[in-house]
Amino acid sequence: MPLGSNRPFAWTLLAALLAALALFWPLAILRERGAPFNAARPLAIPGVAFFLVLGWGAAQIWGGALFPDLWHPLWRDVTTALAMAPGAVGQIGLAPSAGVDGLIRLSSYGLAFWLAYQHAASSRRADAMTDGLAIAAALYAIYGLAAFYSNSNSILWMEKWAYFDNLTSTFVNRNSYATYAGLGLLTALAAISRRMDGVDGWRRLIVHLARPAMLYLFGFGVGLLALLETESRAGIVAAGIGIAVFAYARHGHRLGPWKRAVIALGLVASVASAFALFLYYGAANPSSEAADRVRVYAATVGLIADRPLLGYGLGSFPDMFAMARPASVSQVWLQAHCLYLELAMELGIPAAFLLVGAVAVTFAVCLRAAFRFPERRTEAALGCAATALIATHSLLDFSMQIPAIALTWAAIAGTAMGRVVHAKRPADDRR
């Protein structure tokens with residue numbers, strides 16, 4: 001807050017706070033002997049992939065002097081036109097300053113994941129993380145509903161400049177808030193499910209609601225209402241996929257392997273079919289909003305084809321698309337509205353594959369744990385569901401480029417991985 005931290009001052013402050021926490025964490029561990037912690041080894045595969053991406057992002061910014069043969073051709077044109085010495089200007093990427101911002105953001109999300117992963121060695125801290133995120137999401141939903149139903153065209157102390165007829169809470173874009181609201185619904189579901197463990201079935205739900213589960217059920221209700229009032233179709237569908245994956249991961253152990261495989265294929269097929277229908281509708285209706293995105297996707301694919309391995313540099317999409325924008329696209333686009341295409345364009349296909357692959361490994365580890373470790377099933381299911389929600393919405397939008405959303409996902413996924421790893425150790429972890 002405000003604006004999903006999607007302003008330089010807000011996300012820079014956020015990054016500085018995360019860096020400070022990361023520096024103080026080992027000091028706290030050294031001071032408190034015997035404090036629970038998680039080893040880094042279980043994160044070897046996604047961790048190495050993530051650091052390789054950071055390294056490549058840095059090479060795009062500062063590696064021009066070491067690898068002059070990898071310069072983007074535009075840098076050669078600049079040095080020739082300005083009669084500058086070779087190596088004085090050229091870089092692999094085209095937007096060095098934007099690349100630095102991108103590296104800081106990615107590093108911050110990695111730190112958030114790492115800290116959540118470490119603190120999740122304590123079940124008390126992991127529960128507090130999930131409950132805190134659920135309560136925060138409920139408060140954002142309450143504010144959003146109050147502002148929406150009072151016809152206040154403002155975001156906090158600022159006048160709205162977009163989405164006047166939709167609920168956006170403290171976010172600018174309704175789709176971004178819808179993604180955050182969906183993550184809030186999942187954390188509320190996890191908080192309720194954890195408190196329902198040990199209850200004799202859902203028949204005693206009414207009696208059990210007198211306990212703290214009622215608070216999170218209320219949070220789920222206001223979050224759902226706020227989500228619906230955004231009228232974000234992609235956000236609502238992504239939240240539905242997330243809830244379905246949560247139910248699948250939490251209760252799939254009761255099914256046989258074939259039934260689990262069929263349900264999983266059905267979920268994947270439903271998302272793929274919906275995306276294919278979106279593309280078909282956009283291609284068949286040239287004057288629709290979907291058609292604009294399809295044209296942007298096509299232009300982005302063309303940029304990827306011109307430089308598939310090296311990319312154009314983190315944060316370079318706005319500049320490159322402005323140069324390559326087809327005549328049929330009159331609007332200025334700062335994002336590709338498909339995270340996968342934008343990553344492939346900026347980082348190159350190999351680095352984009354590594355980054356997406358690191359997230360996919362996290363999902364796979366959590367899903368496997370949900371079926372194998374009953375005592376960690378809720379946390380693992382939450383990690384799977386949050387990742388599925390983000391992965392689905394990223395097909396059509398840029399929510400993961402909003403710091404508040406990326407940070408929330410990192411906290412959820414890190415907590416889930418921390419609990420999954422700790423499930424293998426029988427030692428008391430209530431500290």
Self-check item: Contour excess over end-to-end distance, with Cα ends at Leu267 and Trp161 and 0.36 nm allotted per residue
Solution: 34.5 nm
Quiz item: In deg cm²/dmol and to the nearest 500, what is the mean residue ellipticity at 222 nm of the chain if only DSSP H runs of at least 4 residues count, each as -39500 (n - 2.57), divided by the residue total?
Solution: -23000 deg cm²/dmol
Practice problem: Give the accessible surface of the chain per residue, rounded to a whole number of Å², with probe radius 1.4 Å and ligands, DNA and RNA excluded. | Solution: 48
Exercise. Hey, can you grab everything whose amide H is under 5 Å from the amide H of Ile155? Only 5+ residues off in sequence or another chain; H modelled, so Pro and N-termini drop out.
Key: Lys160
Quiz item: What do you reckon, how do Met129, Met400, Met214, Met323 stack up by accessible area (1.4 Å probe), largest on top?
Solution: Met323, Met214, Met129, Met400
Self-check item: Net charge dipole size for the chain [Lys, Arg +1 and Asp, Glu -1 on Cβ; Debye, nearest 20]
Solution: 1700
Quiz item: Build a GNM of the chain with springs between Cα atoms under 10 Å: which of Arg372, Arg31, Arg233 gets the top mean-square fluctuation?
Solution: Arg31
Exercise. Could you list which residues have their amide H under 5 Å from that of Asp397, counting only those 5 or more apart in sequence or on another chain, with H placed in the peptide plane?
Key: Leu339
Quiz item: Cα convex hull of region 1-72: how many Å³ per residue?
Solution: 179
Quiz item: Can you give the percent of C-alpha pairs in region 372-423 whose distance is more than 12 Å?
Solution: 63
Quiz item: Taking a temperature of 37 °C and a viscosity of 0.692 mPa s, what whole-number D in µm²/s does Stokes-Einstein yield for the chain with Rh from Kirkwood over alpha carbon pairs?
Solution: 143
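The values are calculated or read from the model by the stated rules, or taken from the named source; none is laboratory data. All figures in this text were calculated on a predicted structure; none of them were measured in a lab. Glycine also receives a Cβ, built like all others from the backbone with ideal geometry; neighbour counts cover every protein chain displayed. For accessibility, only protein heavy atoms count, side chains too; no ligands or nucleic acids. Shrake-Rupley method; radii C 1.70, N 1.55, O 1.52, S 1.80 Å.
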